[in-house]
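*Asks:* Here you go, one structure.
No lab work stands behind these numbers, since they all come straight from the coordinates. As the structure is a prediction and not an experimental result, all values here were calculated from the model. Virtual Cβ from ideal backbone geometry, glycine too; neighbours counted across all protein chains shown.
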Amino acid sequence: MPKQTIRDLDPNGRKVLVRVDFNVPLAPDGAVSDDRRIRAALPTLQDVLDRGGALVLVSHLGRPSGKPEEDAPFRLDRVAARLGDLLGRAVTKVDDTVGPGAQAACAALKPGGVVLLENVRFNPGEKKGDPKFAGQLAALAEMYVNDAFGTCHRDEASMVAVPECFPPERRAIGFLVEKELQILDRLLGHPRTPMVAIMGGAKVSDKIGVIENLLPKIDRLLIGGAMTYTFLKAQGHETGRSRVEADKLDEARRLLDLAGPKLVLPPDHLVAGAVDPTAETRVIVGWDLPEETFGLDIGPATVTAYGEIIRNAGTVIWNGPMGKFEDEPFRKGTLGVAESMAGSSAVTVVGGGETAEAVEQFGFADAMTHVSTGGGAFLESLEGKAFNSLRVIPDGPG
Ligand code: ADP
Ligand code: MG
C-alpha cells in the first residue's frame, strides 16, 4: 500500500518540518564536493514553498563526536549556502537544533521562508531516539515530511519519534522517498525479465542478506569485486594474496549451492603484485591466481561477457564496484559495467555508497533509470527489511 505523500498535505500558511538527508561528501577544505543528495530533495522543498508553506529543515552530516571543539567540520553552514544557491532564495541557518536560536528563527518564519537547523546529531537525543528531544523538534513546525531516504533504515529521533508527535494526517513522505520506494517495489515486485543482479564491493559478509533475498527473483547473479575471492577460495581455488574473508567460507559455499548456475564468477582477473596504482598489472584467465598476487579488478573477458548479459537483460540492479576503482589502473571493470548499463535498454538501478559515487564520477548517472541516494537503506530494502521510519507514516488515500 503506498504511503501518504506530500500531495496529501496542505502546507499553505503552515510550517513544515522536512527531514532531509544532506549527509553529503565534503572536500578536505570542507566544501560540498557532491551535492546530489541536496538536489534530490529539491522537488519536495520547492513544492512546499510553491504551495505557500515554510520549511524547517532537519539533517545530519557525518558522525560528530558530540564535543563542540571537534565537531566544527560537521556544521551545516556550507550545506545551507549550497542549498540557497540551488533554491535561489535565502536559507536561514541557525546554530542550534532545538535551542533559543532555532525557536526564534522558526517563530519568525513566513510563507516561503526556509530555516535549516544545525546538525541534528549534535544532540545526543537524536541517536537515542529520545522522546523529549523529539517533542522539542516537533514543536518547531505543524507538519512532518520524511524525504531522507538515505536515513530511512535508522530509528533516530528525527526519523521515528518526531513524526509520532504529529497527528497521522500531518505525516507524509516526500517525492524522493516516494520515488525510491516505487523503484524498489518494481524491482522486488514485478521486474521486467530477464532480471540480472550484479554484486561486487569489499565483502561478501555485507551482502549475504541481499543475495539470499534476491536469488529467487533473479535470473543471473554476476559477481565481481573483492567478494569474488571469498567465493573462489570456498570452491578450493588459489586466490593468492587477494582479500578473502576466511571466516565466511562456509557461508560462501552455502550461497553457491543455493544459487547453482545462476551465480556467475568472473572468468578472468586483473592482478598486481601489490595494492598500489604504480604496480605492474597482468590478466589471469581462469579461477586460480598466482601466489603473491592480489586480484584487484575483473578482467577484459569478464567485462565483455557481463556486458553481453547486461545488454540482453530486462532489469539490471547493481551494487558494489567490480574492483578497486578508486585507483585508475583497477577501474576498467567498474567503468565497463557502468558503460554497458548506460547503453542497455533494460531498467537499470544502481545503489550503494561507493557504487553510486563511481557511476556519478564516470558521468553515467543520468543514463541510468535510477541511482539510489541510499547506501545502507538501499541494501536493507533489498534484504526485504521494513523500516520503522516508514511504519509511522500512514498509508495514502489509495
Ligand atoms: P558500496 O558502498 O557500493 O555498497 P562496498 O562498500 O561493498 O560498495 O565496496 C566498495 C569498496 O570495495 C571500494 O572502495 C573498492 O575499492 C573495494 N573493492 C572492490 N573490489 C576490490 C578488490 N578486488 N580488492 C580490494 N578492494 C576492492
Ligand atoms: Mg560502501
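*Asks:* Pick out, from Asn23, Ile393, Gly299, the residue whose Cα sits farthest towards the positive end of the charge dipole of the chain, with +1 on the Cβ of Lys and Arg and -1 on the Cβ of Asp and Glu.
*Replies:* Positive-end residue among those listed: Ile393.
*Asks:* Using only alpha carbons, build the gyration tensor for region 94-151 and give me the equivalent ellipsoid semi-axes, biggest first, whole Å. Present the calculation step by step, with values, prior to reporting the outcome.
*Replies:* Values: eigenvalues 71, 40, 25 Å².
Each semi-axis is the square root of five times an eigenvalue, giving 19, 14, 11 Å.
*Asks:* Restricting to bridges with both residues inside region 1-118, how much of the DSSP beta-bridge set is antiparallel, in percent to the nearest 5? Each step should come with its number before you reach the end.
*Replies:* On the way: 1 of 11 bridges.
Bridges in region 1-118 that DSSP calls antiparallel: roughly 10 percent.
*Asks:* Compute the projected area of the convex hull of the Cα atoms of region 26-83, averaged over all viewing directions, and report it in nm² to one decimal place.
*Replies:* Numbers: hull surface 18.4 nm².
Result: 4.6 nm².
*Asks:* Tell me what the chain gives for mean residue ellipticity at 222 nm when only DSSP H runs of n ≥ 4 count, each as -39,500 (n - 2.57), the sum divided by the residue total, rounded to 500 deg cm²/dmol.
*Replies:* On the way: 15 runs with 137 residues, N = 398.
Here the helix-only value at 222 nm equals -10000 deg cm²/dmol.
*Asks:* Using a Gaussian network model on the chain with a 10 Å cutoff between Cα atoms, which of Ala274, Ala301, Ala27 fluctuates the most?
*Replies:* Ala27
*Asks:* Return the percentage of antiparallel bridges among DSSP beta bridges fully within region 246-398, rounded to the nearest 5 %. Working shown, then result.
*Replies:* Numbers: 9 of 15 bridges.
Here the share of antiparallel DSSP bridges comes out near 60 percent.
*Asks:* Ok, one more. Could you tell me how many degrees, from 0 to 90 and to the nearest 10, lie between the Cα long axis of helix 175-189 and the main elongation axis, the longest principal axis, of the Cα atoms of the chain?
*Replies:* On a 0 to 90 degree scale, this one is about 40.
*Asks:* log₁₀ I(q)/I(0) of region 204-263 at q = 0.16, 0.21, 0.29 Å⁻¹, via Debye over equal Cα point scatterers, no solvent, to two decimals?
*Replies:* -0.45, -0.78, -1.39
*Asks:* Let me ask another. Along the Cα→Cβ direction, 7 angstrom out, place labels at Ala246 and Glu280. What is the inter-label distance in nm?
*Replies:* 3.0 nm
*Asks:* Can you tell me the relative contact order of the chain? Whole percent, Cα pairs under 8 Å, sequence separation 6 or more. All intermediate terms of the calculation are to be shown ahead of the outcome.
*Replies:* Values: 858 pairs, mean separation 66.6, N = 398.
Contact order relative to length: 17 percent.
*Asks:* Also, quick follow-up: Kirkwood Rh, region 243-398, all Cα pairs: how many Å? Display every interim value, and only then the final one.
*Replies:* Working: mean 1/r = 0.0573 Å⁻¹.
Result for region 243-398, one decimal place: 17.5 Å.
*Asks:* For each pair in Lys15/Lys93; Lys128/Lys324; Lys15/Lys132; Lys332/Lys385; Lys203/Lys233, compute the distance between the two Cα atoms and list the pairs where it is over 24 Å.
*Replies:* On the way: Lys15/Lys93 16 Å; Lys128/Lys324 36 Å; Lys15/Lys132 20 Å; Lys332/Lys385 33 Å; Lys203/Lys233 14 Å.
Correct reply: Lys128/Lys324; Lys332/Lys385.
*Asks:* Looking at Met341, Pro267, Ala358, which one has the Cα that reaches farthest to the positive end of the dipole of the chain (charges on Cβ: Lys, Arg +1; Asp, Glu -1)?
*Replies:* The listed residue farthest towards the positive side: Met341.
*Asks:* Shifting gears a bit: Below 15 angstrom from the Cβ of Gly351, what's the summed charge of the other residues (Lys, Arg +1; Asp, Glu -1)?
*Replies:* Values: positive: Arg36, Arg37, Lys179, Arg186, Lys207, Lys385; negative: Asp21, Glu180, Asp185, Asp206, Glu354, Glu357, Glu360, Glu380, Glu383.
Neighbour charge sum, excluding Gly351 itself: -3.
*Asks:* Treating only the Cβ of Lys, Arg, Asp and Glu as charged (+1, +1, -1, -1), what charge dipole size does region 152-240 show about its Cα centre? Round to the nearest 20 debye. List each step's numbers first, then the result.
*Replies:* Working: 11 positive and 11 negative charges, 56 e Å.
Rounded to the nearest 20 debye, it is 260 debye.
*Asks:* Treating the angle as unsigned and between 0 and 90°, give the value, to the nearest 10°, between the Cα long axis of helix 353-362 and the longest Cα principal axis of the chain.
*Replies:* Compared with the principal axis, the helix lies near 80 degrees.
*Asks:* Continuing with the same structure: Could you work out the equivalent-ellipsoid semi-axes for the chain, taking the square root of 5 times each eigenvalue of the Cα gyration tensor, largest first, in whole Å?
*Replies:* On the way: eigenvalues 348, 100, 69 Å².
Semi-axes (√(5λ), whole Å): 42, 22, 19.
*Asks:* Can you pull the semi-axes for region 100-246, root of five times each eigenvalue of the Cα gyration tensor, sorted largest first, whole Å? Don't skip to the answer; put the middle values down first.
*Replies:* Details: eigenvalues 372, 82, 31 Å².
Equivalent ellipsoid semi-axes, largest first: 43, 20, 12 Å.
*Asks:* Evaluate 2.2 N^0.38 Å with N set to the residue count of region 172-238, then give the Cα radius of gyration divided by it. Could the numbers behind the result be given before it?
*Replies:* Working: Rg = 15.1 Å, N = 67, 2.2 N^0.38 = 10.9 Å.
This ratio for region 172-238 stands at 1.39.
*Asks:* For the chain, what is the percent of antiparallel DSSP beta bridges, rounded to the nearest 5? Intermediate results must be reported in sequence, preceding the final value.
*Replies:* Working: 11 of 46 bridges.
Just about 25 percent of them are antiparallel.
*Asks:* Here is a follow-up. Average the reciprocal distances over every distinct pair of alpha-carbons in region 47-111, invert the result, and give the Kirkwood radius in Å. Mind dumping the intermediate values first?
*Replies:* Values: mean 1/r = 0.0752 Å⁻¹.
Result for region 47-111, one decimal place: 13.3 Å.
*Asks:* Based on the inverse mean of 1/r over its pairs of different Cα atoms, what is the Kirkwood hydrodynamic radius of region 1-141, in Å?
*Replies:* Values: mean 1/r = 0.0644 Å⁻¹.
Over region 1-141, the inverse of the mean reciprocal pair distance is 15.5 Å.
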